[in-house]
Amino acid sequence: MGNLKPGWQGRFFEDFEIGDVYRCRYGRTVTEEDNISFTLLTCNTNQIHFNREYGARTEFGQCLINSALTLAIVVGMGVADVSENGFALGWDEIKLPHPLFAGDTLYSETEVLDARESRSRPEQGVVKVLTRGYNQHGDAVIEFRRSVMVWKRAHAPSREVFPTPKL
């Protein structure tokens, strides 16, 4: 077997520095099918998300991407950088400054606002971040703050989970 090169394993508490900005390396185009499936799956009955005729009669002239889907995708885009080694503690101030439409592509970036050791869990720390999602034109379509409990590297349950291969 060749030389084992570890892949990206996400950030641990020690890796966060206030003021750092992490940009997701890829964009994610949101389709009409994504929107309709998510909207119906979550029992959202607002027709602005799944009825073209209704959407055409609104000020937007078309259906809007469900804001909960926008949130879910943008959060997911930041997992590798923010919460892969932790879990959410809370969400604050979710804002939707510009609509998102089917065919738009989402991009996201996250800024570290605060990082402190946990008072109740010495093996973890609390990281507060501000995340923004943009469309392909650079318009902010979502902005939110959240707090994440993140493992310190030495205590992370993700360490050494790959089984020892039998040769």
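The values are calculated or read from the model by the stated rules, or taken from the named source; none is laboratory data. Because the structure is a prediction, the values reported are computed rather than measured. For neighbour counting, all protein chains shown are included, and Cβ atoms are generated from backbone atoms with ideal geometry for every residue, glycine included.
In segment 144-159 there is no residue that is in a strand (DSSP E or B), exposed (fewer than 14 other Cβ atoms within 10 Å of the Cβ) and charged (D, E, K, R). A Cβ distance below 8 Å, combined with a sequence gap of six or more or placement on separate chains, defines the contacts here; from segment 117-136, residues that are of a type in the set (Phe, Trp, Tyr) and at pLDDT 95 or above reach residues that are crowded, with 16+ Cβ neighbours inside 10 Å and part of a strand (DSSP E or B) in the pairs TYR134/LEU106; TYR134/TYR107; TYR134/SER108; TYR134/GLU109; TYR134/VAL141. All conditions but one from (1) out of contact with any helix residue (DSSP H, G or I) (no Cβ under 8 Å at 6 or more places or on another chain); (2) assigned to a strand (DSSP E or B) apply to MET77; the one that does not is (2). Each residue in segment 69-114 was checked for being of a type in the set (Ser, Thr, Tyr), surrounded by 17 or more Cβ atoms within 10 Å (Cβ to Cβ) and more than 11 Å from the chain's Cα centre (by Cα), and 0 of them qualify. For TYR54, state whether it is closer than 23 Å to LEU113 by Cα and either without any contact (Cβ under 8 Å) to a residue 12 or more places away in the chain or among the aromatic types (Phe, Trp, Tyr) (or both). Here the answer is no, as TYR54 does not meet what is asked. All conditions but one from (1) surrounded by 14 or more Cβ atoms within 10 Å (Cβ to Cβ); (2) modelled with pLDDT of 95 or more apply to GLY19; the one that does not is (1).
Got at least one residue in segment 93-108 being within 15 Å of ARG11 (Cβ to Cβ) and either in a loop (DSSP other than H, G, I, E, B) or polar (S, T, N, Q) (or both)? No, that holds for no residue. Residue-level check: of (1) within 21 Å of GLY90 (Cβ to Cβ); (2) touching a residue at least 60 places away in the same chain (Cβ under 8 Å), ARG145 misses just (2).
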